[in-house]
Amino acid sequence: MAITIEQIMDQAQVYASAWSLVGGQFDQGNLLEQANLEKQVLLEMVIAFEDQAHTAGAQEAQIDLAKPLIEWHQNRLGNLGQLQKAVEGTQICLGVDDANPIVLQGAMLKGWRFALALAEQQFGKFPLQLAQNAPASDEEE
């Protein structure tokens with residue numbers, strides 16, 4: 001269950017009330033122990049709240065890192081798919097020798113498509129996925 005600031009403030013009030021009774025006319029010798037228990041509950045709530053905040057921040061940072069990587073991977077797979085659709089007679093310049101392009105025809109075209117299919121298979125499914133978590137309901141504990 002997620003801890004809210006309101007819950008922390010409520011517990012702070014419980015702790016303050018318990019502490020205010022220590023040594024008073026209603027103290028039967030056990031209110032210091034009770035106040036310390038309420039203080040411990042408050043401390044645990046604050047720690048849990050901090051953990052929630054850090055976890056949420058870490059998740060956002062991971063998403064910010066993952067999104068461009070996933071998009072890059074999808075773009076590369078899309079590029080491979082487009083390159084595989086090359087038709088007979090397509091000229092390919094790989095930047096090494098633009099004056100003498102490779103002409104895809106016959107066995108060269110088949111080899112081109114086979115090599116790109118292998119490259120696509122090597123990329124495979126990207127190892128990261130973004131999943132949207134369902135918001136936690138108040139009924140869960």
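None of the figures in this text is laboratory data; all of them are computed from the coordinates on show. Everything numeric in this text was worked out from a predicted model, so none of it was measured. Virtual Cβ from ideal backbone geometry, glycine too; neighbours counted across all protein chains shown.
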In the chain, lysine pairs with alpha-carbon atoms under 30 angstrom apart (chain gap of 8 or more, or interchain): 5
Per 10 Å bin from zero, what fraction in whole % of the C-alpha pairs of the chain is there, up to the bin with the longest pair? 9, 20, 16, 13, 11, 9, 9, 7, 4, 2, 0
For the chain, the charge dipole (Cβ of Lys, Arg +1; Cβ of Asp, Glu -1; about the Cα centre) points to a positive end, and the Cα of Ser20, Asn36, Gln74 closest to that extreme belongs to Gln74
Using DSSP loop states and a limit of at most 15 other Cβ atoms within 10 Å to flag trypsin sites (Lys or Arg not before Pro), what is the longest stretch of the chain containing no flagged site? 1-84
Relative to the longest principal axis of the C-alpha atoms of the chain, give the angle of the C-alpha long axis of helix 107-123, reported between 0 and 90° and rounded to the nearest 10°. 10 degrees
In region 14-67, which chymotrypsin sites (Phe, Trp or Tyr not before Pro) fall in coil by DSSP and have 15 or fewer other Cβ atoms within 10 Å? Phe26
Test item: Cα-centred dipole of region 5-123, Lys/Arg +1 and Asp/Glu -1 on Cβ, debye: 920 debye
Positive-pole candidate from Leu118, Gly57, Asn100, dipole of the chain, charges at beta carbon: Asn100
